[in-house]
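The values are calculated or read from the model by the stated rules, or taken from the named source; none is laboratory data. Treat the numbers as computed from the prediction; the structure is a model and nothing was measured. So basically every Cβ, Gly included, is an ideal-geometry build from the backbone, and we count neighbours across all protein chains shown. For the accessible areas, the whole protein counts, side chains as well, though only heavy atoms, and no ligand, DNA or RNA atoms are used. Shrake-Rupley method; radii C 1.70, N 1.55, O 1.52, S 1.80 Å.
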Amino acid sequence: IGEWSLDKRHYGGAYPPPNLDPPPKQANPSTKWLHAAWNEAITEAGDTWPATNAMGTIGWRREGATADEIQKSALASAVVGSHWTWAGIKTLSFLPAGALKTPWGVGKWGIALQPKGLPACAPPRECLYIDFSGAAHHASFDLSAGTFLSTRVGDGEEVIGKRL
């Protein structure tokens, strides 16, 4: 429902994070039961539950930032129209309307909503999602240094980007 999703296919490459956000109030009762069952299983596993960089139940609907979303975000406003390297490879371009151009094809970018396990993205700070080539990433930016640190969802692989 909207930004909320709980789907076993989200976690084929990584375990879900602890404390999954609850479904919206209007969700089906079976959805609420399944959410409670997952959280109970994770809680029962305690310290044996593996660390993960997977997203929780929020943020799976990634359509690319709208002009209104970009305007409301200081980070997105600063990044739109800019060009960066990705692990030293040119050029990653943050285009209007959440369009992304990379050496590996086109993708999408936007404001990352509540990414789990990334202290650099905890409110009030903002991070962006950068999705291309079938992989989802969350990126924290240091605009004054002209860099970003991207963390791939699932396996946590990190990549540094530099502004051109």
Practice item. Return a yes/no flag: does the stretch 33-47 have any residue that is within 29 Å of Ile160 (Cα to Cα) and open to solvent by less than 40 Å² (accessible area, probe 1.4 Å). Key: no
Exercise for review: Could you check, for the stretch 116-129, whether at least one of its residues is open to solvent by 20 Å² or more (accessible area, probe 1.4 Å) and of a type in the set (Phe, Trp, Tyr)?
Suggested key: no
**Study point:** Pair list, Cβ < 8 Å and 6+ apart or interchain, from the stretch 73-93 residues that are touching a residue at least 60 places away in the same chain (Cβ under 8 Å) to residues that are acidic (Asp, Glu) and surrounded by 13 or more Cβ atoms within 10 Å (Cβ to Cβ)
**Key:** Leu75/Glu126
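Considering only the stretch 72-87, how many residues are outside any strand (DSSP E or B), farther than 19 Å from Cys121 by Cα and open to solvent by 60 Å² or more (accessible area, probe 1.4 Å)?
So the answer is 1.
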Review point. Just for the stretch 15-32: of the residues that are at negative phi and of a type in the set (S, T, N, Q), which one is most open to solvent (accessible area, probe 1.4 Å)?
Key: Gln26
